[in-house]
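A.B. asks: Take a look at this one; I'll ask things after.
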Amino acid sequence: MTDKTSIPEDRIPVIVGIGEIIDRPKEITDGLEPLDLLEQALRRAEQDAGAKLLGEVQSLDVVNFLSWRYRDPEKLLAQRLGIAPAHCSYGPVGGESPIRYLHEAAKRIARGECTVAAVCGAEAQSTATKAERAGVKLAWTPFAHDVEEPKRGAAFQKPLAVKLGVFRPVTVYPFYESASSAHWGQTPREAMAESGTLWSRYSEAAAQNPNAWLKRRYAPDEITTPTADNRLIAWPYNKLMVANPSVNMGGALLLTSLARARAAGIAEDKLVYPLGGASAEEPRDYLLRDQFHESHPQNAVLKAAMDLAGGDGKKFDAIELYSCFPCVPKMARRTLGLSADVKPTVTGGLTFFGAPLNTYMTHAACAMVRRVRNGAKLGLLYGQGGFVTKHHALVVSKTPREALAQETSVQAEADRNKRAVPEFATDVSGMGKVESFTVLYGRGGEVEHGVVMLRTEDDRRTLGRIAASDTATLAHLLNMDRTPVGSLGEITMATDGVPEWRVG
Ligand SMILES: CC(=O)SCCNC(=O)CCNC(=O)[C@H](O)C(C)(C)COP(=O)(O)OP(=O)(O)OC[C@H]1O[C@@H](n2cnc3c(N)ncnc32)[C@H](O)[C@@H]1OP(=O)(O)O
């Protein structure tokens, strides 16, 4: 480790301020709009830093938000703050993006391009949904109907995936859940138990976080048992196993150089140092993946983060593993070499803390800063976006090291590990072997239909439907003691042009 004095202090980036706001209005019409939440979070971050830095922000990144639409929200925010940052950006959709922005802001400071940077994000989905359901008009900045809706993962999927309903995160992640647990030799019951225990641990952290939406511990059984309030969504997920976007929150972080922080008189024990990180991604069409039991970019990114911890994941004494769905931290903790008793979060997770869409990791970074200020030495922030698509990790520390690396993509490493991708076929017949599967449920808990991802006899990939009336095949898929992954059945083309699959 290099002595920190060997790097000029004006090139050492530090996180100096964090701000969060959670909005639970009594009346829907009192709900704050995202722009208000952004501004308040930033003002709180400045207050937390204890130095007047907002006016000096030269790099402003606003995380994409989906609950309301503005034309150029980053410019509206800058206007409200009375600043004109040289770098003023509103990013594309992606749950990893707050980590990417923090990392890029730190790099900008390390290059000497700016001295003060801000990263912020906000959502007001709870208020927006409640207002829409109640037909109430909100006195917010008028919705920018003339601005195009940002492209989400669903826009990049194959027509057959869309037709079968497996084009949203909540119905695609189950493919990773079932394939990974089968690969690890778990029965579905064991896999479910691991998810319940892990998720319960996320809820424990949320219970301790004053900014969480659901502030109580949920027992593993409570999470994994379907009830009227915890309805089945897409097998194996109940509502309490998936991200909760119905929240109103804002979060912000302020970064500066060590030199500026010292000049501003910010206390040393407030300073948290980004040490480095890594990024990589998959194609957005998830059916172009080689397999579903691991993610090569996730592995590459986490291994690079581990390298910053001397090659040992156990060196991190504070960890945030992205948690839109259980398979993400389940795969991540294995790559990090951590056992099932891992403490996967400092925040509370996207179910219990809440999932303000792309900006959960802004809050995770705030929680991580608190944790490091309170004594943790080495923290890992791992964010993910899309359908296990985009990955970014950032390592933070109580003490600085050598100059921040500028080239941090590990895409080549991720791509090197990728095996052949099977051709995708839509007109298929013969026997099909299950690569993974899910079952989709309606609001009342009734099965809508099942979906299997299959390999054909000539090793092409396809998707097959299981009709709700095919109870034998559904029972085969939902057997808790034996995974259906790897099992064979017959594919026939239904009259609507969709492949159907029947076990046996
Ligand atoms: C890379 C990535 O991050 S991918 C992740 C992207 N995000 C997702 O996929 C989100 C997945 N989750 C969802 O879509 C939703 O949670 C759903 C559809 C499962 C349920 O949402 P809704 O149908 O609106 O919920 P419903 O109408 O039943 O109930 C709303 C209430 O439940 C709460 N709620 C909604 N979802 C959840 C959840 N997953 N866990 C706990 N509580 C929830 C809401 O806060 C709301 O509470 P309130 O009445 O106290 O305000």
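A.B. asks: Looking at segment 9-22, which of its residues are outside any strand (DSSP E or B) and surrounded by 20 or more Cβ atoms within 10 Å (Cβ to Cβ)?
C.D. replies: Of everything in segment 9-22, just one residue is outside any strand (DSSP E or B) and surrounded by 20 or more Cβ atoms within 10 Å (Cβ to Cβ), namely 12.
A.B. asks: Mind counting the residues in segment 443-497 that are part of a loop (DSSP other than H, G, I, E, B) and surrounded by fewer than 17 Cβ atoms within 10 Å (Cβ to Cβ)?
C.D. replies: 20
A.B. asks: Moving on to the next point. Take residue 219 and decide whether it is away from the ligand (no atom under 15 Å from the Cβ), at pLDDT 95 or above and over 18 Å from the mean Cα position of the chain (by Cα).
C.D. replies: no
A.B. asks: Only one of (1) more than 30 Å from residue 145 (Cα to Cα); (2) surrounded by 21 or more Cβ atoms within 10 Å (Cβ to Cβ) fails for residue 50. Which number is that?
C.D. replies: (2)
Results for (1) away from the ligand (no atom under 16 Å from the Cβ); (2) at pLDDT 95 or above, shown as yes or no for each residue.
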residue: 392; (1), (2): no, yes
residue: 404; (1), (2): yes, no
residue: 416; (1), (2): yes, yes
residue: 421; (1), (2): yes, yes
residue: 430; (1), (2): yes, yes
residue: 441; (1), (2): no, yes
residue: 448; (1), (2): no, yes
residue: 455; (1), (2): yes, yes
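A.B. asks: Exactly one condition in (1) in contact with a Leu (Cβ under 8 Å, 6 or more places away or on another chain); (2) within 18 Å of residue 320 (Cβ to Cβ) is not met by residue 272; state its number.
C.D. replies: (1)
A.B. asks: Report the residue count in segment 86-106 for those that are more than 13 Å from the ligand (Cβ to nearest atom) and either under 14 Å from residue 38 (Cβ atoms) or not assigned by TED's automatic domain parsing to the domain that holds residue 279 (or both).
C.D. replies: 5
A.B. asks: Quick check on my filter: what residues within segment 362-385 are touching a Phe, Trp or Tyr at 6+ places or on another chain (Cβ under 7 Å) and crowded, with 24+ Cβ neighbours inside 10 Å?
C.D. replies: Residues satisfying the conditions are 363, 379, 380, 382, 383, 384.
A.B. asks: For residues that are away from the ligand (no atom under 16 Å from the Cβ), without any contact (Cβ under 8 Å) to a residue 60 or more places away in the chain and charged (D, E, K, R), tally how many sit in segment 109-136.
C.D. replies: The qualifying residues number 1.
A.B. asks: Test of understanding: among 446, 457, which residue is under 14 Å from residue 431 (Cα atoms) and out of contact with any Leu (no Cβ under 8 Å at 6 or more places or on another chain)?
C.D. replies: 457
A.B. asks: For residue 74, indicate whether it is of a type in the set (Asp, Glu), touching a strand residue (DSSP E or B) at 6+ places or on another chain (Cβ under 6 Å) and closer than 20 Å to residue 409 by Cβ.
C.D. replies: Taking the combined requirement at face value, the residue does not satisfy it.
A.B. asks: Looking at 288, 336, 321 in this structure, which one is outside the structural domain of residue 460 (by TED's automatic domain parsing), away from the ligand (no atom under 16 Å from the Cβ) and crowded, with 22+ Cβ neighbours inside 10 Å?
C.D. replies: 336
A.B. asks: Would you mind finding the one in 251, 265, 276 that is outside any loop (DSSP other than H, G, I, E, B) and on the phi > 0 side of the Ramachandran plot?
C.D. replies: Only one candidate passes the filter, namely 276.
A.B. asks: Can you tell me which of (1) modelled with pLDDT of 95 or more; (2) out of contact with any Asp or Glu (no Cβ under 8 Å at 6 or more places or on another chain); (3) among the polar types (S, T, N, Q); (4) more than 15 Å from residue 305 (Cβ to Cβ) is the one residue 397 doesn't meet?
C.D. replies: All conditions are met except number (4).
A.B. asks: Quick check on segment 131-149. Is at least one of its residues out of contact with any Gly (no Cβ under 7 Å at 6 or more places or on another chain), closer than 30 Å to residue 289 by Cα and charged (D, E, K, R)?
C.D. replies: The answer is yes; a qualifying residue exists.
A.B. asks: Then there is this: Residue 213 fails exactly one of the following numbered conditions: (1) within 12 Å of the ligand (Cβ to nearest atom); (2) assigned to a loop (DSSP other than H, G, I, E, B); (3) out of contact with any strand residue (DSSP E or B) (no Cβ under 9 Å at 6 or more places or on another chain). What is the number of that condition?
C.D. replies: Just one mismatch for residue 213, condition (3).
The values are calculated or read from the model by the stated rules, or taken from the named source; none is laboratory data. For clarity, every value in this text was computed on a predicted model and none was experimentally measured. Cβ sites come from the backbone with ideal geometry, for glycine too, and all protein chains shown count toward neighbours.
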